[in-house]
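The values are calculated or read from the model by the stated rules, or taken from the named source; none is laboratory data. Predicted model only: the values in this text are computed from it and were never measured. Ideal geometry is used to build each Cβ from the backbone, glycine not excepted, and the neighbour counts take in all protein chains shown.
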Amino acid sequence: MSAPGFWDNPEKAQRTIAELKPLNALLKPYEELERSLADLQALVDLTREDPSLEGELQREVHRVGRLMNEFQLQAMLRGKFDACSAYVRIQAGAGGTDACDWAQMLLRMYKRWAERHSYEVQLVDEVANEEGGIRNATLFIEGDYAYGWLQGETGVHRLVRISPFDAEAKRHTSFAAVDVMPEIEETPEITIRRDEVERQTFCAGGPGGQHQNKTQSGVRLIHIPTGIVAECRSERSQHRNEEMAWKILRAKLLRLEEQKRRAEIEKKYDEKGEVAWGYQIRNYILHPYTLVKDVRTGVQTAQVQRVLDGELDEFLEAYLRQKTEKEHRKPASESAATAVPA
């Protein structure tokens, strides 16, 4: 970056700066951890000579342990797109109006999680359900490593509760699908031919007032070879909606390519073809008892309301650890299979 002529090609310069972000996010905590470990060793030596420092030593051990845990988690976010911002799409599944209400609850949950971590949140697209809740919605969560942290949320989420829409107050099961995609700019891995994309405009509707209801500000892009659809209706400007729709389309196509290359990682809900029983990655039970349990990692808690208020870190961290362990086991087994005895 300090080389002469670095800014002669602004586009290339921005790509270099983007590559620096995830490197700094790992190297700076590592350097801090190294310094802390050296200080801890010095404190150990001093405590041997002066036992009254034992309390201070215990506090320092706790602090360095916390730094180590944070560094281990950060080191797991080493995927090519883990440092990117994220699009989170939520789609109501089986369960009628209850499912639409459940989709809205998930939308709030991810908003609250993003706010807790100081990410910027933008509602890109939303289709409301007439009786309550939403049919689908897309959030843009902007900030470093938003995709890395949320990537494991892709899948079907199941809710069991007493339905607020049932006059007989019966217990209902609802499903909603979550899809998480990284925000990417132009990349050589994804080439989209304009003649393969159908562009449609529509009235945005919703709470935006007369402007959105009367003008064709919403934009829908359909990638004809794959059938993938990207929409945006949140802005008053058709141009800005189209720009966002192109970003979402690129993210969806990239996600599709990643799925093909990483078939050993858990399948996405849209590959399974159904948002219903048997495909869920996490269960949220509000009745007859309270429990949130991740089917993949086994992590569970009875504090359902805290989870719905955005306290997801326990589940996100467990998924990252499990994913990292799988990635480590695969090369080991492959190398063992091809090893030649000495």
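Below are the figures for this structure:
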quantity	calculated
Selection count where residues are surrounded by 12 or more Cβ atoms within 10 Å (Cβ to Cβ), of a type in the set (Asp, Glu) and closer than 24 Å to residue 76 by Cβ, scope the range 1-57	1
Those residues of the range 38-90 which are among the small types (Gly, Ala, Ser), under 28 Å from residue 324 (Cβ atoms) and out of contact with any helix residue (DSSP H, G or I) (no Cβ under 8 Å at 6 or more places or on another chain), in sequence order	38, 65
So residue 180, is it in a strand (DSSP E or B), in contact with a helix residue (DSSP H, G or I) (Cβ under 7 Å, 6 or more places away or on another chain), without any contact (Cβ under 8 Å) to a residue 24 or more places away in the chain and not small (Gly, Ala, Ser)	no
Lone unmet requirement of (1) surrounded by 17 or more Cβ atoms within 10 Å (Cβ to Cβ); (2) under 25 Å from residue 314 (Cβ atoms) for residue 108	(1)
Unmet criterion (only one of (1) surrounded by 16 or more Cβ atoms within 10 Å (Cβ to Cβ); (2) within 26 Å of residue 310 (Cα to Cα); (3) modelled with pLDDT of 90 or more) for residue 63	(1)
Residue match in the range 118-131 (condition: touching a Pro at 6+ places or on another chain (Cβ under 6 Å) and closer than 30 Å to residue 76 by Cβ)	no
Failed condition for residue 106, given (1) part of a helix (DSSP H, G or I); (2) in contact with a Leu (Cβ under 9 Å, 6 or more places away or on another chain); (3) not assigned by TED's automatic domain parsing to the domain that holds residue 148	(3)
Unmet criterion (only one of (1) at pLDDT below 90; (2) in the same structural domain as residue 183 (by TED's automatic domain parsing)) for residue 72	(2)
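Residue-by-condition table, conditions (1) touching a Phe, Trp or Tyr at 6+ places or on another chain (Cβ under 6 Å); (2) under 27 Å from residue 145 (Cβ atoms); (3) assigned to a helix (DSSP H, G or I); (4) acidic (Asp, Glu):
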position: 21; (1), (2), (3), (4): no, yes, yes, no
position: 28; (1), (2), (3), (4): no, yes, yes, no
position: 39; (1), (2), (3), (4): no, no, yes, yes
position: 45; (1), (2), (3), (4): no, no, yes, yes
position: 53; (1), (2), (3), (4): no, no, yes, no
position: 61; (1), (2), (3), (4): no, no, yes, no
position: 64; (1), (2), (3), (4): no, yes, yes, no
position: 68; (1), (2), (3), (4): no, yes, yes, no
